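The block underneath contains the structure these notes are about, expressed in structure tokens.
The values are calculated or read from the model by the stated rules, or taken from the named source; none is laboratory data. Remember, predicted model here, so these are calculated numbers, not experimental data. For neighbour counting, all protein chains shown are included, and Cβ atoms are generated from backbone atoms with ideal geometry for every residue, glycine included. In case anyone asks, the SASA skips ligands and DNA or RNA and just uses the protein heavy atoms, side chains included. Shrake-Rupley method; radii C 1.70, N 1.55, O 1.52, S 1.80 Å.
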Amino acid sequence: MSGQQQPQQRLATEREVADWMALTPRQLADLRRAGQGPRHIALTAKAIRYAWADVYAYAHRRRELIGG
């Protein structure tokens, strides 16, 4: 087994997730502070990371809510 992580297992930065969701990092942070948005991992107060599986699950739930 190699030491490389699979892309879906690597934690995403706030910027990566915001770009993928077509949001600004500020909009993503606002969602997080409101208790919305994808589940996140706070490594420190300023180092927020996301598991791609959680980001995809959030997008899937949102799509179902709006009838997509």
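Some points to look at:
- Protection proxy ranking for 10-18, 42-50, using the average of other Cβ atoms within 10 Å per residue and placing the highest first: 10-18, 42-50.
- Sum of -39500 (n - 2.57) over DSSP H runs of 4+, divided by residues of the chain (222 nm, nearest 500): -13000 deg cm²/dmol
- Acute angle (nearest 10 degrees) that the helix 52-65 long axis makes with the longest principal axis of the chain, alpha-carbon atoms: 20 degrees
- Accessible area in the full protein assembly, largest first, 1.4 Å probe, for 30, 19, 54: 19, 30, 54
- Its Cα centre serving as origin, the chain has a Cβ charge dipole (Lys and Arg +1, Asp and Glu -1) of approximately 140 debye.
- Look at the dipole of the chain built from charges on Cβ: of 55, 35, 18, the Cα furthest out on the positive end belongs to 35.
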